[in-house]
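Written below as structure tokens is the structure these notes are about.
The values are calculated or read from the model by the stated rules, or taken from the named source; none is laboratory data. Everything numeric in this text was worked out from a predicted model, so none of it was measured. When we count neighbours, we look across all protein chains shown, and the Cβ atoms used for this are built from the backbone with ideal geometry, even at glycine. Calculation scope for accessible area: heavy atoms of the full protein, side chains included, ligands and nucleic acids excluded. Shrake-Rupley method; radii C 1.70, N 1.55, O 1.52, S 1.80 Å.
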2 protein chains.
Amino acid sequence: MFALVLALFMSPQQPAAAAQPDTSLRARVATWRAAREVPIVEELTALLSIPNVARDSVNIRRNAALIVSMLERRGATARVLESPSSPPAVYGELLTPGATRTVVFYSHYDGQPVDSARWATAPWKVVLRDGPLTAGAKEIPFPAAGGRFDPEWRIYARSASDDKSPIVAMLTALDALKALGVARSVNLKFFFAGEEDAGSEHLGDMLRRHADLLKADLWLFGDGPVHQSRKPKISFGVRGVMGVQLTVYGPARPLHSGHYGNWAPNPNVMLAHLIASMRDEEGRILIDNFYDDVLQFSPAQRAALDAMPAVDDQIKANLLLGRTEGTGEPLAAQVSRPALNVSGISGGRTGDAAANVIVPEATAYFDFRLVPDQRPERVRSLLEAHLVERGYHVVHEDPDSATRRAHPRIIKVTGDAGYPAMSTALDLPVSRAVIRAAEATLGEPVVVEPPLGGSLPLYMFKEVLGVPLIMVPIVNHDNNQHAENENLRIRNLWDGIELYAGLVAKLGRMWGPVQ
Amino acid sequence: MFALVLALFMSPQQPAAAAQPDTSLRARVATWRAAREVPIVEELTALLSIPNVARDSVNIRRNAALIVSMLERRGATARVLESPSSPPAVYGELLTPGATRTVVFYSHYDGQPVDSARWATAPWKVVLRDGPLTAGAKEIPFPAAGGRFDPEWRIYARSASDDKSPIVAMLTALDALKALGVARSVNLKFFFAGEEDAGSEHLGDMLRRHADLLKADLWLFGDGPVHQSRKPKISFGVRGVMGVQLTVYGPARPLHSGHYGNWAPNPNVMLAHLIASMRDEEGRILIDNFYDDVLQFSPAQRAALDAMPAVDDQIKANLLLGRTEGTGEPLAAQVSRPALNVSGISGGRTGDAAANVIVPEATAYFDFRLVPDQRPERVRSLLEAHLVERGYHVVHEDPDSATRRAHPRIIKVTGDAGYPAMSTALDLPVSRAVIRAAEATLGEPVVVEPPLGGSLPLYMFKEVLGVPLIMVPIVNHDNNQHAENENLRIRNLWDGIELYAGLVAKLGRMWGPVQ
């Protein structure tokens, strides 16, 4: 379906014939896998059994060592990459005779910290259930050697989905191709990060230090979930994000509203006017020049958005919504735009604790979601200009008494540095090749997502390495990633093996000639 | 000072000559008091020692019985007045031969509930300190018989200021007049309420049941503090108040702001726009027709506001304010107007607990302060019309799923019934008489406050009994009323005795003839 849409935007000098679906490879991989489901899952289970919080340096290195050995078992040269004070990344390389393109496959082996008390079973005790826990599924024994897994069964453990299973899926795909005698079409490199879920603080240094080693024509990211419809999805970008907190000030102590209201400035009212001045109720950001750096959707992006499965009505019903923001565009289009999401407001008390006071301060926390070519530092400067325009004296620490006395309106701006969006054009030859290879492999259209609504610091790969990035997720959307009871639906692991095998086998051939 | 200002608005048929200050009575009362400070304070101490939370019916009746006996000791007929399920009020009557006017003196003997853990000493253990606790004052022994009190010493106990000391001041004033052979100028009645600090739930019934007994030409309220400048103050009204809470709704559960923001309605943003639509940053209320029922200040009120001591700069400095709301008018004028004070906003979290979510709901709590002739039910209806005008479906209970699905915007409106303002015209003969009698007694101008910024349900006295009310407070403004470590500055008790003695002696003569 998407290939059809995309064809409208293909220029004549590109290879004209869309690949005919050839799903024989997929079927052969599935047959191969069906005979060895238990050892495949056992390899995943062994990896999931090692605790993997980034600051747990002993266990982090146990994970890395195991993954190095897993790569070596596939004939790859492998080792850990270091950056000072960072958990190591695992690097692997598997050259393909005659291949002209090199693809780095990315995943991360560290996981989010856990709140064990909230887990039904211990986070690093790998458990099999006969369905989703949310539907009351029970723990069941793993099948004995030679046995099969019902594809709706689920594996529960930290990082079952995010992000160890893509590592196993990719390596198993290599096993399948080898066993079936199918040639790889590209050189392969592997980069498995060890601190993504801890904020990737050392990622820039890691990439710069090992830039030569990591040279490639494409990075494929095996991270994140497939579409909510359970259809396969390929994402071509992420939005950037920047967290901001604003605090406005009133009297130095709480005052009786009857005796001082209407005279002492009311921080809750100031904050309300400020928020209203920054964003309307349809999501439009009202800060001057905010949209200056925003690139419009390309025709290919527009077409991809239009082609995405319609999920709005179902989600609206599920969320009990009587309306959505915006001008009637679907969810996918709305979350492809820049956003200002006010996630927290607080000033004084409501409900049973309410009291008739003028409070000393009120605070709002929000995130800006950024799109190409917005830069966080530029957005912060536009925000502060907006605040100054509205009469505020901007500070970045708590104002002292003299400052409070000296300025009619004071606002404290804090937050994080944020990072920009990353986008890969849909009409690059490599983008078309990935979509075609995936659709040819799976025998069904994939959902093409111009950017993911969420944010990851993928801009860093593009900026440091100058290489296009494309996300090819495999895990189920309802995997509870980052939270308790993270899980992987077995069917998604099987589909992932097939997808990755197909990409490795077909991508080089669909890419077109090196220019 | 005020008498001068007021004279500008006197019509020719009124008694033209302002009373010459005759402070000989004040001096004589002071001399009389100086010889018996210990027994005066002992009577107050005995009253303060009885716990007085309205729901503590046993102790409430012990308070009432003691006050009945205190009244009887002054030759008044006295008894408790009942209303079903209510703490009793104490009623007393002391006729004056030849008097043509009857004045009811109001106070309340119940007090606010206590949080004993926050008190420096137990709330009903009466303690003397050599100054304010906030300045580190130490507990000292009470003087022995015949001793004197330093006027800056303070008595600490629940209701030391609010509102038992006015009872003792008034009854001591009667003792002084009798001892000095000074005639009373009015008939006196006393109404000491037993549930004011519990919300006066039964007050309307109490007044209606005993309306004949409570007939009078004036009620004088011995409640509240003097001016912040420590100058004597007479107040001619209070604002009404109505508490309102608004809750607006977004998705049924918290959503990832990257994946759903800009699409799922954001309750924090909705609330901000709503608040901004209701009130500007200078206190002006933007709800259609809100000001229709608001009476303008009368020339006398305007003159009184202009004559009030200038305290703004000092309070601004104390509160670290760089500006105030409004168009530059002083505090007293600002709190004489209707207000919308947003005292609480909450939606999601800020600070360390902030998370990038779209929250399910956001809430604001605020009070409307009302002035004559606004009615709370009318204001609520204007508010709801404003909400409807902005597209909201108004509910008064939590909306169910079907309601949430059916309406694009839903708002829950809750709060209290509120009550209207009470105002006594400054240019009534009785108002002039009270000001003149007070100034003549004290030998200094009194601060005339057109309305108090705060709220008390005084409208009920006016509506049920059809009588003017004037507030003649005596206690210090820094008395911590309603909170821990409530206290009375001794000087305020002495001044109060002198003021009340002067009012009783002079008021009837300055009132002018009965029409």
**Study point:** Unmet requirement for residue B:181, which otherwise passes all of (1) under 30 Å from residue B:33 (Cα atoms); (2) in contact (Cβ under 8 Å) with a residue 12 or more places away in the chain
**Key:** (2)
Point to revise | Flag if residue B:421 is more than 30 Å from residue B:249 (Cα to Cα), open to solvent by less than 10 Å² (accessible area, probe 1.4 Å) and more than 10 Å from every other protein chain (Cβ to nearest Cβ) | key: no
**Study point:** Contacts under 9 angstrom Cβ, first residue in the stretch B:335-353 being within 8 Å of another protein chain (Cβ to nearest Cβ) and of a type in the set (A, V, I, L, M, F, W, C), partner in a helix (DSSP H, G or I) and open to solvent by 30 Å² or more (accessible area, probe 1.4 Å), 6 or more apart
**Key:** B:335/A:259; B:335/A:260
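Could we say that residue A:92 is open to solvent by 10 Å² or more (accessible area, probe 1.4 Å) and out of contact with any Cys (no Cβ under 7 Å at 6 or more places or on another chain) here?
Values: open to solvent by 10 Å² or more (accessible area, probe 1.4 Å): no; out of contact with any Cys (no Cβ under 7 Å at 6 or more places or on another chain): yes.
Spelling it out, it is not the case that residue A:92 is open to solvent by 10 Å² or more (accessible area, probe 1.4 Å) and out of contact with any Cys (no Cβ under 7 Å at 6 or more places or on another chain).
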Practice item. Residue by residue through the stretch B:156-177, note down the ones that are assigned to a helix (DSSP H, G or I), aliphatic (A, V, I, L, M) and open to solvent by less than 10 Å² (accessible area, probe 1.4 Å). Key: B:167, B:168, B:169, B:170, B:171, B:173, B:176, B:177
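Kindly indicate whether any position in the stretch B:26-40 is in a helix (DSSP H, G or I) and under 25 Å from the mean Cα position of the chain (by Cα). Steps first, please.
Just the residues of the stretch B:26-40 that are in a helix (DSSP H, G or I), to begin with: B:26-34, B:37-40.
Pick out the ones that are also under 25 Å from the mean Cα position of the chain (by Cα) and you get none.
No, the conditions are met nowhere in the stretch B:26-40.
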Practice item. Restricting attention to the stretch B:207-219, report how many residues are open to solvent by less than 10 Å² (accessible area, probe 1.4 Å) and either at pLDDT below 95 or among the aliphatic types (A, V, I, L, M) (or both). Key: 3
Review point. Has the stretch A:288-304 got any residue that is loosely packed, with under 15 Cβ neighbours inside 10 Å and closer than 27 Å to residue A:347 by Cβ?
Key: yes
Check your understanding: Quick check: is even one residue across the stretch A:132-145 surrounded by fewer than 20 Cβ atoms within 10 Å (Cβ to Cβ), in contact with a Ser or Thr (Cβ under 9 Å, 6 or more places away or on another chain) and in a strand (DSSP E or B)?
Key -> yes
**Study point:** Cβ-Cβ under 9 Å pairs, at least 6 apart or on other chains, the stretch B:40-52 side more than 17 Å from residue B:193 (Cβ to Cβ) and without any contact (Cβ under 8 Å) to a residue 12 or more places away in the chain, far side open to solvent by 30 Å² or more (accessible area, probe 1.4 Å) and of a type in the set (Val, Ile, Thr)
**Key:** none
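For the stretch B:381-398, enumerate the residues that are part of a helix (DSSP H, G or I) and of a type in the set (A, V, I, L, M).
To start, the set of residues in the stretch B:381-398 that are part of a helix (DSSP H, G or I) comprises B:381-389.
B:382, B:383, B:385, B:387, B:388, listed by residue number.
Can you give me the ranges of the strands (runs of 3 or more DSSP E) entirely in the stretch B:425-499 with at least 1 residues that are open to solvent by 10 Å² or more (accessible area, probe 1.4 Å)?
Numbers: elements: B:447-449, B:452-455, B:469-471, B:487-489.
Passing ranges, in order: B:447-449, B:452-455, B:487-489.
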Practice item. Those residues that are touching a strand residue (DSSP E or B) at 6+ places or on another chain (Cβ under 7 Å) and either part of a helix (DSSP H, G or I) or of a type in the set (D, E, K, R) (or both), I need them from the stretch A:121-131; list them, please. Key: A:129, A:130
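Hand me the list of strands (runs of 3 or more DSSP E) wholly inside the stretch B:216-263 holding 1 or more residues that are farther than 21 Å from residue B:473 by Cα and within 8 Å of chain A (Cβ to nearest Cβ). Even if it seems obvious, please write down each step before you answer.
Details: elements: B:218-221, B:233-235, B:237-249.
Result: B:237-249.
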Check your understanding: When the stretch A:325-349 is examined, which residues are found to be polar (S, T, N, Q) and either open to solvent by 30 Å² or more (accessible area, probe 1.4 Å) or outside any loop (DSSP other than H, G, I, E, B) (or both)?
Key -> A:327, A:334, A:341, A:343, A:346
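Is it true that some residue in the stretch B:399-414 is away from every other protein chain (no Cβ under 11 Å), part of a loop (DSSP other than H, G, I, E, B) and out of contact with any Gly (no Cβ under 9 Å at 6 or more places or on another chain)?
From the stretch B:399-414, those away from every other protein chain (no Cβ under 11 Å) are B:411-413; that's our starting set.
Pick out the ones that are also part of a loop (DSSP other than H, G, I, E, B) and you get none.
So far as the stretch B:399-414 goes, no, none of its residues is away from every other protein chain (no Cβ under 11 Å), part of a loop (DSSP other than H, G, I, E, B) and out of contact with any Gly (no Cβ under 9 Å at 6 or more places or on another chain).
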Study note, to complete from the structure: By residue number, the members of the stretch A:354-379 that are open to solvent by 30 Å² or more (accessible area, probe 1.4 Å), part of a strand (DSSP E or B) and more than 7 Å from chain B (Cβ to nearest Cβ) are A:361
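Limited to the stretch B:276-313, what total is found for residues that are part of a helix (DSSP H, G or I) and at the interface with chain A (Cβ under 10 Å from one of its Cβ atoms)? Talk me through it step by step, then tell me what you get.
Initial filter on the stretch B:276-313 (part of a helix (DSSP H, G or I)): B:276-278, B:299-307, B:312-313.
With the extra rule that they be at the interface with chain A (Cβ under 10 Å from one of its Cβ atoms), the set shrinks to B:276-278, B:312.
Total satisfying the criteria: 4.
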Check your understanding: Considering only the stretch B:24-39, how many residues are in contact (Cβ under 8 Å) with a residue 60 or more places away in the chain, hydrophobic (A, V, I, L, M, F, W, C) and within 19 Å of residue B:440 (Cβ to Cβ)?
Key -> 4
**Study point:** Any hit, the stretch B:20-29, residues being of a type in the set (Asp, Glu), within 22 Å of residue B:173 (Cβ to Cβ) and modelled with pLDDT of 95 or more
**Key:** no
Review point. Counting only residues that are touching a Ser or Thr at 6+ places or on another chain (Cβ under 8 Å) and not aromatic (Phe, Trp, Tyr), which one in the stretch A:113-124 is least open to solvent (accessible area, probe 1.4 Å)?
Key: A:123
**Study point:** Count - residues of the stretch B:382-397 that are open to solvent by 60 Å² or more (accessible area, probe 1.4 Å), away from chain A (no Cβ under 12 Å) and free of Cβ contacts under 8 Å to residues at least 24 places away in the same chain
**Key:** 3
Point to revise | Top-ranked residue in the stretch A:264-273 [being at the interface with chain B (Cβ under 8 Å from one of its Cβ atoms) and in a helix (DSSP H, G or I); ranked as most open to solvent (accessible area, probe 1.4 Å)] | key: A:273
Review point. Would it be correct to say that residue B:80 is open to solvent by 20 Å² or more (accessible area, probe 1.4 Å), assigned to a strand (DSSP E or B) and free of Cβ contacts under 8 Å to residues at least 40 places away in the same chain?
Key: yes
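Could you tell me how many of the residues in the stretch A:47-61 are in contact with a strand residue (DSSP E or B) (Cβ under 6 Å, 6 or more places away or on another chain) and at pLDDT below 95?
Number of matching residues: 0.
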